[in-house]
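Asker: My questions will all concern the structure given below.
The values are calculated or read from the model by the stated rules, or taken from the named source; none is laboratory data. Every value quoted in this text rests on a predicted model; they were computed, and no experiment measured them. Methodologically, a virtual Cβ is constructed for each residue, glycine included, from the backbone with ideal geometry; neighbour enumeration extends over all protein chains shown.
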């Protein structure tokens, strides 16, 4: 996987995994508030400078991440992949930080519905002009707190224009929340230091995690915490 060294310093490396449509570049604002730490940002398969591969993501991460223990950070889809890796490879984890990350759907009905919804979005990626798809994506309710920030949305959309639609579809459908195991119980018992961050304006995740002892709410932010509140995210790291 393509990796960019965003900063160099001491202590365990901080490893960042982006969300769907993103790349390692998404973490630059957060890293700008981190001093004296080594920060590594990866492009997940099908995104940025990493082409899609049939290699299992867990094996890919195991071979790509630094050999020493890391502070692993993931957002949304990248958070779900980080969570899965951390739970199965705790000896590689110093700390785990999850941003706007779903621990998994409980019922088969919910999983089927989510997979169907993802297939609809996948079709839109393939048939719509890519700019039109991107603006449609960020109009979803989960990104509602960004609607009053058109400059931020334009900035994000501009960064996404170089992505490869067909590979995005492959990534979306392979890593759909509808295919994910529910990790709730395992995560709550995870023995390494960990936290889950969510935005106050992300109403879905506020309902899901408000009573979790490891969850922390960031005020005046929604789903895209690393864009809407980079300094606050950095303060937790």
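Asker: Identify, by number, the condition in (1) touching a strand residue (DSSP E or B) at 6+ places or on another chain (Cβ under 6 Å); (2) part of a helix (DSSP H, G or I); (3) more than 26 Å from residue 222 (Cα to Cα) that residue 79 doesn't meet.
Answerer: (3)
Asker: Out of everything in region 57-75 that is out of contact with any strand residue (DSSP E or B) (no Cβ under 8 Å at 6 or more places or on another chain) and more than 28 Å from residue 205 (Cα to Cα), what residue ends up being surrounded by the fewest Cβ atoms within 10 Å (Cβ to Cβ)?
Answerer: 67
Asker: Quick one: in region 185-205, of everything that is part of a helix (DSSP H, G or I) and under 17 Å from the mean Cα position of the chain (by Cα), which residue is surrounded by the fewest Cβ atoms within 10 Å (Cβ to Cβ)?
Answerer: Checked region 185-205; the qualifying residue surrounded by the fewest Cβ atoms within 10 Å (Cβ to Cβ) is 204.
Asker: Something else about it: Here is a list of conditions, (1) at pLDDT below 95; (2) outside any helix (DSSP H, G or I); (3) surrounded by fewer than 19 Cβ atoms within 10 Å (Cβ to Cβ), and residue 182 meets all of them except one; can you say which number that is?
Answerer: (1)
Asker: Please specify each residue of region 22-58 satisfying the condition of being in contact with a helix residue (DSSP H, G or I) (Cβ under 7 Å, 6 or more places away or on another chain), closer than 17 Å to residue 236 by Cα and in a helix (DSSP H, G or I).
Answerer: 27, 29, 30
Asker: Residue under question is residue 111, and the condition is that it be surrounded by 13 or more Cβ atoms within 10 Å (Cβ to Cβ), free of Cβ contacts under 8 Å to residues at least 60 places away in the same chain and over 21 Å from residue 222 (Cα atoms); does it hold?
Answerer: no
Asker: For region 131-151, give me each residue that is touching a helix residue (DSSP H, G or I) at 6+ places or on another chain (Cβ under 6 Å) and either assigned to a helix (DSSP H, G or I) or loosely packed, with under 12 Cβ neighbours inside 10 Å (or both).
Answerer: 133, 134, 146
Asker: Residue 54 - would you say it is under 26 Å from residue 160 (Cα atoms) and modelled with pLDDT under 95?
Answerer: So residue 54 passes the test.
Asker: Given the conditions (1) in contact (Cβ under 8 Å) with a residue 12 or more places away in the chain; (2) under 21 Å from residue 193 (Cβ atoms), report the number of the one that residue 67 does not fulfil.
Answerer: Result: residue 67 fails condition (1) only.
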